[in-house]
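Structure first, commentary second.
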Amino acid sequence: LPYLSKHKKFTQASHHMEPQPCKNCDSPVSDAFCSHCGQKVITQRLTIRNLLHQTVEVITNLEKGFWYTTLMLFKNPGQVAREFLSGATIRYFNPFRFLVIWMSITAFINLSTNLLERAVNASNEFFAKPGEEGLQMTPEMLENANKFMEYMPLVALIFIPFLALMSYWVFKKEGYNFAEHVVAMMYFYTAFSILNLAWFLLYFAYPTAIIFNQAFSGIVAIIYLILAYRSWFKLKTGGAIWRGIVIFIGGNGLYGIFALIGTVIYKTIMSLIN
């Protein structure tokens with residue numbers, strides 16, 4: 001057939017194509033991707049049409065990338081950790097960027113809805129006795145709380161190593177090093193933070209629900225860690241439960257000690273300066 005004949009000639013020609021310098025690292029390239037740095041060979045100029053096509057592909061792609069990673073962290077979190085750490089990284093979104101994006105979304109929702117101030121008001125209405133004013137937030141308190149919200153990705157990056165350290169100690173016999181536990185915890189921490197967004201949405205229907213947000217967040221984190229480690233290391237339910245609880249409580253405890261020491265050092269330095 002003429003079409004097959006032409007197609008065959010084109011295929012043969014492509015295999016004998018003269019190597020071209022990679023636009024990223026200047027290494028010779030004779031295939032669709034650079035074997036040295038992985039850069040895709042792009043011969044077409046950027047247009048609105050292919051830009052829109054790439055955007056739609058990224059948004060709707062459930063076979064790899066951002067949304068695939070999000071979906072798999074709820075479907076089989078252990079598989080995500082196991083495959084990514086074994087080197088099968090092409091399907092999954094970079095854990096650091098994944099964490100920063102979702103934490104930024106969470107911070108934006110918190111700040112744009114004045115969530116903390118609403119929580120204090122709802123708490124006063126729920127717990128305060130008639131005639132009592134309840135907790136009042138000063139402008140300075142609100143400003144400090146909003147700054148904390150703005151730096152949520154940074155707070156998460158500081159907190160995650162403590163959870164990962166507990167995870168490393170508990171599962172030391174499994175052979176994963178501390179850095180690998182940090183990567184896995186980046187995925188897990190992001191996942192149960194996404195679940196907390198559902199609680200924020202519930203607030204708009206039931207305002208008093210926000211009062212129990214802290215307790216809900218802790219329970220969700222523990223349950224998620226139990227399920228994640230159960231699927232990662234193929235544990236029995238009982239073994240996964242106590243390990244998940246120990247990792248969460250121990251990680252929070254280590255973080256609390258670190259924060260306390262840091263606060264004491266900071267106040268000591270400031271007092272010496274002043």
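Each value in this text was obtained by applying a stated rule to the coordinates, not by laboratory testing. Please read these numbers as outputs of a predicted model, since none were measured by experiment. Glycine gets a Cβ as well: all are built from the backbone with ideal geometry, and neighbour counts include every protein chain shown.
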Restricting attention to the range 181-274, which trypsin sites (Lys or Arg not before Pro) occupy a DSSP loop and are surrounded by at most 12 other Cβ atoms within 10 Å? Lys234, Lys236
Given labels modelled 7 Å from the Cα in the Cβ direction, how far is it in nm from Lys75 to Ala215? 3.5 nm
If you add up the charges near Pro19, with Lys and Arg at +1 and Asp and Glu at -1, over every other residue whose beta carbon is less than 12 angstrom from its beta carbon, what do you get? -3
Amide H neighbours of Gly65 at under 5 Å, excluding residues fewer than 5 places away on the same chain, with H built from the backbone geometry, are Tyr92, Phe93
Residue-by-residue Karplus 3J(HN,Hα) for the range 176-192, coefficients 6.51, -1.76, 1.60, Hz, glycine and proline x: 8, 7, 4, 4, 5, 5, 5, 4, 4, 5, 4, 5, 5, 4, 4, 5, 6
Gain in length, Ser271 to Leu201, computed as 0.36 nm per residue apart minus the alpha-carbon separation, to one decimal in nm? 20.9 nm
